[in-house]
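In what follows, a structure is listed as structure tokens, so that the remarks can point back to it.
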Amino acid sequence: MAANVSKLNMSRFRRSFCAVCPVFPLNHLAELICVLVTVCVLTQQSLADEQAFVEDFLKREYSLVKPYRGLGFSSSSQWDLMGTAMVSPDHVRLTPDMQSRQGAVWSRIPFILRDWELKVHFKVHGVGKKNLNGDGLAIWLTKDRMQNGPVFGNMNHFVGLGIFVDTYPNADKMHDRTFPYVSVMLGNGTLSYDHDRDGRPTELGGCSAMTRNSIYDTFLLVRYSKNRLTLMVDVDGKQEWRDCAEIDGLRLPTGYYFGASSVTGDLSDNHDIISMKVYQLTVERTPEEEEEEEEEVTIPRVDDMHQFQVNVEEEGMSGVQFFFTLLFSVLGLGVLAVVGLVVYSRWKENRRKRFY
Ligand SMILES: [Ca+2]
């Protein structure tokens, strides 16, 4: 493929060179100018080709991109705003850095692509100190849209895919992971997101990602193809994707809606979506794979749920709790012993009296 491209470029180079420099040989200066002009023409051509390819690939009808034309007020817009969400020239702000806000943006068009990628450019920032901010944001591909609720501003018991950028550790007794934490959940209508445990019981995978008050642009990439969901992050300013989660055998129906939502409580942050770009992937399948995927999926599911059984440890006693438990146990035993002794000595005395 790469070889073909370079061959093509070379022949193009020769053609363009001859077209630009019809009289040959020329003196060296003229040759040099000719070469430079040709290189410029070629570079522009190949950039234009690349641009056209990307434009074809991007599915604009499903994407949320600047300048967010008509969003929030026009009936022709393909997205709807909800709650505190506001549009500015640079972003869609789901919540401002203020307490008790809830906002969302939802696509109006049911999504029907089979193999796709979603690239989300987002920004979480605020004046609160670390761990005095919250709560994060979520990216959705769900059956229902425009619902208020407790899961990052969306309904609980949702049906479909939820990607959470959780910036506040609610289960703070377990210091085994660093926040912000990005995770994946697949809802089937009965599974409940456990906010107090940061969604651990239903998590299919995830990773820590320093997405808050970052000096770099922060991105998420969700790829879905052949029943495999891949989640990657780019948050370190390296312009490369880092693996975050990979889930095989994930079955997701079509006809769902893309969305993004966020909520603040006592703690807050600005939660901004800069873009959500959906790309169609071209993927070849063997006849076996076609057959395997023929079955119509009506409820989202993961083939092998056992591989995702997250062990949530029972909360152990803290040091203070242990000290008081021990103290009261010793005191209790002491009281029991004293009472026992008194009862015993009384009994003994009574017995002695009976003998006289
Ligand atoms: Ca949380």
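The values are calculated or read from the model by the stated rules, or taken from the named source; none is laboratory data. Note that this is a predicted model, so its numbers are computed, not measured. So basically every Cβ, Gly included, is an ideal-geometry build from the backbone, and we count neighbours across all protein chains shown.
So Asn156 fits all but one of (1) at pLDDT below 95; (2) farther than 19 Å from Met276 by Cα; (3) among the polar types (S, T, N, Q); what number is the exception?
Going through (1) at pLDDT below 95; (2) farther than 19 Å from Met276 by Cα; (3) among the polar types (S, T, N, Q) one by one, Asn156 breaks only (1).
Conditions tested, residue by residue: (1) buried (at least 23 other Cβ atoms within 10 Å of the Cβ); (2) more than 12 Å from the chain's Cα centre (by Cα).
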site	(1), (2)
Ile163	yes, no
Ala171	no, yes
Gly187	yes, yes
Ser192	no, yes
Asp196	no, yes
Gly199	yes, yes
Ser208	no, no
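With segment 130-195 as the region, which strands (runs of 3 or more DSSP E) entirely inside it contain at least 2 residues that are within 14 Å of the ligand (Cβ to nearest atom) and touching a residue at least 60 places away in the same chain (Cβ under 8 Å)? If you could, list the steps in order and put the result at the bottom.
Numbers: elements: 136-142, 159-166, 181-188.
Correct list: 136-142, 181-188.
Restrict the check to segment 67-79 and report whether at least one residue is in a strand (DSSP E or B), in the same structural domain as Leu252 (by TED's automatic domain parsing) and buried (at least 18 other Cβ atoms within 10 Å of the Cβ).
Within segment 67-79 (the criterion being in a strand (DSSP E or B), in the same structural domain as Leu252 (by TED's automatic domain parsing) and buried (at least 18 other Cβ atoms within 10 Å of the Cβ)), the answer is yes, since at least one residue qualifies.
Taking Leu204 as meeting all but one of (1) more than 19 Å from Tyr256 (Cα to Cα); (2) within 14 Å of the ligand (Cβ to nearest atom); (3) among the aliphatic types (A, V, I, L, M), write down the number of the exception.
Among (1) more than 19 Å from Tyr256 (Cα to Cα); (2) within 14 Å of the ligand (Cβ to nearest atom); (3) among the aliphatic types (A, V, I, L, M), the lone unmet condition for Leu204 is (2).
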